[in-house]
Amino acid sequence: MPPMMRKIFWFLNKFFMIPMFRLGMGGIMSNPFSGYIMVLKVVGRKSGKLRYAPVNYAIYQGSVWCISGGRKTSDWYKNLLANPAIEMIMPGGAIYGQVSEENDPETRRIVIRQVLKNAGFAGFFEGYNPWKISDEEMHSKIGDIPLLKITPIGIGNGASDPSGWAWISVLVVTILLILLLIVLL
């Protein structure tokens with residue numbers, strides 16, 4: 001991702017996405033177009049301060065999975081390795097879990113593809129289409145992407161999570177409000 005794009009995402013995440021989740025409006029922000037996002041509450045490995053990191057995710061086999069787009073240089077990734085107990089703010093609520101890195105090639109192929117599909121438009125920033133890329137090509141491109149498995153104590157998909165339908169009602173209400181504003185103006 002170009003440096004300017006990284007700065008734009010940093011600004012939007014810090015001043016828009018994180019506050020929206022902290023206000024309990026994460027479900028409004030999660031949809032197939034902008035992506036399914038959760039916010040990790042990460043403890044700094046040096047400072048001990050609580051940090052927030054929005055990431056795309058997938059739910060697979062009862063666990064929550066995410067990738068580090070910044071590879072192993074991301075601060076939140078390094079912080080998780082130092083302190084693997086984590087709380088996540090998901091669109092359907094907050095859960096607590098334990099983080100581990102996944103290295104099984106078949107699991108990585110399945111889950112990283114799903115995380116990139118769940119990322120909406122951001123899923124294309126890796127330089128390929130996660131919906132159409134072949135398994136062989138996908139395998140060659142994801143070798144350096146850390147895949148993190150977060151094992152919670154009980155989880156299910158909520159209405160605002162990837163397999164839910166809450167985004168449809170938000171989209172319909174938004175379109176109706178826009179049409180109403182056009183008619184009134």
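Suppose the filter is within 13 Å of the chain's Cα centre (by Cα) and surrounded by fewer than 21 Cβ atoms within 10 Å (Cβ to Cβ); does residue 52 pass it?
Working: within 13 Å of the chain's Cα centre (by Cα): yes; surrounded by fewer than 21 Cβ atoms within 10 Å (Cβ to Cβ): yes.
So residue 52 fits the description; yes.
Inspect all residues belonging to segment 45-59 and state whether any of them is within 20 Å of residue 93 (Cα to Cα), out of contact with any Lys or Arg (no Cβ under 9 Å at 6 or more places or on another chain) and either without any contact (Cβ under 8 Å) to a residue 24 or more places away in the chain or β-branched (Val, Ile, Thr) (or both).
Yes.
State whether the residues of segment 24-36 include one that is at positive phi, outside any helix (DSSP H, G or I) and either in contact with a Pro (Cβ under 7 Å, 6 or more places away or on another chain) or surrounded by fewer than 16 Cβ atoms within 10 Å (Cβ to Cβ) (or both).
yes
Can you go through 133, 95 and tell me which one is without any contact (Cβ under 8 Å) to a residue 24 or more places away in the chain and buried (at least 16 other Cβ atoms within 10 Å of the Cβ)?
133
Each value in this text was obtained by applying a stated rule to the coordinates, not by laboratory testing. Just so we're clear, the structure is a prediction, and the values are computed from it rather than from any experiment. Backbone-built Cβ (ideal geometry, glycine too); neighbour counts: all protein chains shown.
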